[in-house]
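A short write-up of the structure that comes next.
What follows draws every value from the coordinates through simple rules; no lab data is involved. Everything numeric here is computed off the predicted structure, so don't read it as measured data. Don't worry about glycine lacking a Cβ; one is built from the backbone with ideal geometry, like all the others, and counts go over all protein chains shown.
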Amino acid sequence: MSETIVEIKDIFKSYYRDSMEIPVLRDINLDIAGGQFMALMGPSGSGKTTLLNLIAGIDKPTSGTLAVAGEDISRLSDGDMAKWRSRHIGFIFQFYNLMPVLTAYENVELPLLLTNLSRKERKEHVETALNTVGLGDRIKHYPRQLSGGQEQRVAIARAIVSDPTLLLADEPTGDLDKNSADEILTLLGRLNKEFNKTIIMVTHDPWAAERASVTRHLDKGELQP
């Protein structure tokens, strides 16, 4: 059995509008094993993306602890959190979030510009990532020259280029047709099985969730048994 890579204990998350408290997550307890492919499901407003953002270190819990690879990230300062996130998190968004003025190569290289890698090392990493997602022949293409499915593949290459601890995907097939979505889910499955990547995927689509090895459900901010 793989060791626990994400350990969430007694997490609560609220937002405040003026003096009004708006609870989003309530008493979340969840362990995610290394190498697991987890689908996180639930209706709109159930807290799925909020939980994903907490795991990514984009947001902080109101109370409770959240540890990734044994480190309690809920206690990190903003500066330390940014450094931690660049090392450990690969994020895949629904709408790709590619820079339109950059080529596929340049988009994938972006996270590596914050590292100490040489230009040659960055080139090796970028080409490996793009070959892994099947776009080694699209290195010089701009996003506007690619299909939606290809854009999402570039986004996945960008997410894996620094070999992060976790791949976090927020509705990664939500803007794709069924064939392109199927290809993206197959790619995520291959990253999980062949490269032992730990993947947490937020989705509202049961068909997409079937590709995961574990499915958990959130409803009204609470994790269902």
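Computed FRET efficiency, Cβ-Cβ of Trp207 and Lys83, R0 30 Å: what is it to the nearest 0.05? Could the numbers behind the result be given before it?
Working: r = 37 Å, r/R0 = 1.24.
Result of the calculation: an efficiency of 0.20.
With Cβ to Cβ distances under 15 Å as the rule, what net charge do the other residues near Phe12 carry (K, R +1; D, E -1)? Present the calculation step by step, with values, prior to reporting the outcome.
Details: positive: Lys9, Lys13, Arg26, Lys60, Lys220; negative: Asp10, Glu21, Asp27, Asp59, Glu222.
Value of the local net charge: 0.
For Lys60, the lysines whose Cα falls under 28 Å of its own Cα, not counting residues fewer than eight places away in the same chain, are Lys9, Lys13, Lys48, Lys83, Lys197, Lys220. Here the simple spin-label model places points 7 Å from the Cα toward Cβ, and for Gln224 and Met20 these points are separated by 2.8 nm.
For the chain, the Cβ-based charge dipole about the Cα centre amounts to some 480 debye (Lys, Arg positive; Asp, Glu negative; other atoms uncharged).
Sort the stretch 80-144 into rounded, prolate or oblate with this rule: let a ≥ b ≥ c be the square roots of the eigenvalues of the Cα gyration tensor; rounded if a/c is under 1.5, and if a/c is not under 1.5, prolate when a/b is larger than b/c, oblate otherwise. Could you put the intermediate results ahead of the total?
Values: a/c = 1.83, a/b = 1.27, b/c = 1.44.
Judged from the Cα gyration tensor, the stretch 80-144 comes out oblate (a/c at least 1.5, b/c at or above a/b).
Listed from fewest to most Cβ neighbours within 10 Å, the set His204, His88 follows the order His204, His88. Counting only GluC sites (Glu not before Pro) that are in a DSSP loop and have at most 11 other C-beta atoms within 10 Å, tell me the longest site-free stretch of the chain. With a cap of 11 other Cβ atoms within 10 Å, the longest stretch comes to 4-209. Obtain the nm distance between the two label points defined at Val214 and Leu110 by a simple spin-label model: each point lies 7 Å from its Cα along the Cα-to-C-beta direction. The modelled label-to-label distance comes out at 3.1 nm. Amide H contacts of Met201: Met38, Ala39, Leu40, Ala169, each under 5 Å away and 5 or more positions distant or on a separate chain (H built 1.01 Å from N in the peptide plane; Pro and chain starts excluded). Summing +1 for each Lys or Arg and -1 for each Asp or Glu among the other residues whose beta-carbon sits under 12 angstrom from that of Lys123 gives -2. Remark: relative contact order (the stretch 1-150) = 19 percent; criterion is Cα-Cα distance under 8 angstrom and separation of 6 or more residues. Against the main long axis of the alpha-carbon atoms of the chain, helix 119-132 sits at an angle near 80°.
Taking the Cβ of each residue in Ser147, Ser74 as the centre, tally the other Cβ atoms inside 10 Å and list the residues starting with the fewest.
Ordered by Cβ neighbours within 10 Å, fewest first: Ser147, Ser74.
At a Förster radius of 45 Å, what calculated FRET efficiency corresponds to the Cβ-Cβ distance of Arg119 and Lys178, to the nearest 0.05? Here the calculated transfer efficiency is 0.65.
Take Ser63, project a point 7 Å from its Cα along the Cβ direction, then tell me which residues of the stretch 4-18 have their backbone nitrogen under 14 Å from it. Only 9-15 fall inside the zone, counting backbone N under 14 Å.
Classify the stretch 58-186 as rounded, prolate or oblate from the Cα gyration tensor: take a ≥ b ≥ c as the square roots of its eigenvalues, call it rounded if a/c is under 1.5, otherwise prolate when a/b beats b/c and oblate if not. Taking the square roots of the gyration eigenvalues as a ≥ b ≥ c, the stretch 58-186 is oblate.
Across the stretch 35-118, C-alpha contacts under 8 Å between residues 6 or more apart give a mean separation that, scaled by the residue count, equals a relative contact order of 16 percent. A cut-off under 10 angstrom between Cβ atoms defines the neighbours of Gln152, and their net charge, with Lys, Arg +1 and Asp, Glu -1, is -2.
Relative to the longest principal axis of the Cα atoms of the chain, the long axis of helix 78-88 lies at roughly 60 degrees. Shown for Ile92, Ile22: other C-beta atoms within 10 Å of each C-beta, ranked fewest to most, produce the order Ile22, Ile92.
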